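A short reminder: the numbers here are calculations on the coordinates, not readings from a lab. Everything numeric here is computed off the predicted structure, so don't read it as measured data. Cβ placement follows ideal geometry from the backbone for every residue including glycine, while neighbour counts extend to all protein chains displayed.
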């Protein structure tokens, strides 16, 4: 899996794939493990399918990055993804922002 990324100082922004679920799980975990930064913003704007495995991946990525003294923040303007994070209450465990810039700035 090769996902588009952008670097802003000590933060890397990862633009997630159209689907984030069981079929992408192994590759996504491997990709997160190769990142050059431990402060990560996941931009979910282009993710149209986010299932329970995908949600678990977000939490596992957070745990991994916190173990490296980093963290993960979520950015999305996608109303469906916002609702999924709200219904599952993951918005209480993961910081969710409406813009990539706000998520990046939150690391400072």
Checklist entry - Which values, in whole Å and largest first, are the semi-axes of the equivalent ellipsoid of segment 53-92 obtained as the square root of 5 times each eigenvalue of the Cα gyration tensor? => result 20, 10, 8
Next on the checklist: Compute the distance from the alpha-carbon center of segment 31-58 to that of segment 83-108, in whole Å.
Outcome noted: 12 Å
Checklist entry - How many nm is it between the label spots at residue 64 and residue 98, if each spot is 7 Å from the Cα in line with the beta carbon? => result 3.1 nm
Item to check | Value of relative contact order over segment 1-86, rounded to a whole percent, pairs C-alpha under 8 Å and six or more apart | outcome: 31 percent
Item to check | FRET efficiency estimate (nearest 0.05) - Cβ-Cβ, residue 2 to residue 77, R0 22 angstrom | outcome: 0.40
Next on the checklist: Once the cut-off is 25 Å, how many percent of the Cα-Cα pairs in the chain end up in the long-distance tail?
Outcome noted: 9 percent
Next on the checklist: Run lengths n ≥ 4 of DSSP H only: what is the helix-derived mean residue ellipticity at 222 nm for the chain, with -39500 (n - 2.57) per run over all residues, to the nearest 500?
Outcome noted: -11000 deg cm²/dmol
Checklist entry - What's log10 of I(q)/I(0) for segment 21-65 at q = 0.25 Å⁻¹, Debye sum over Cα points only, no solvent? => result -1.00
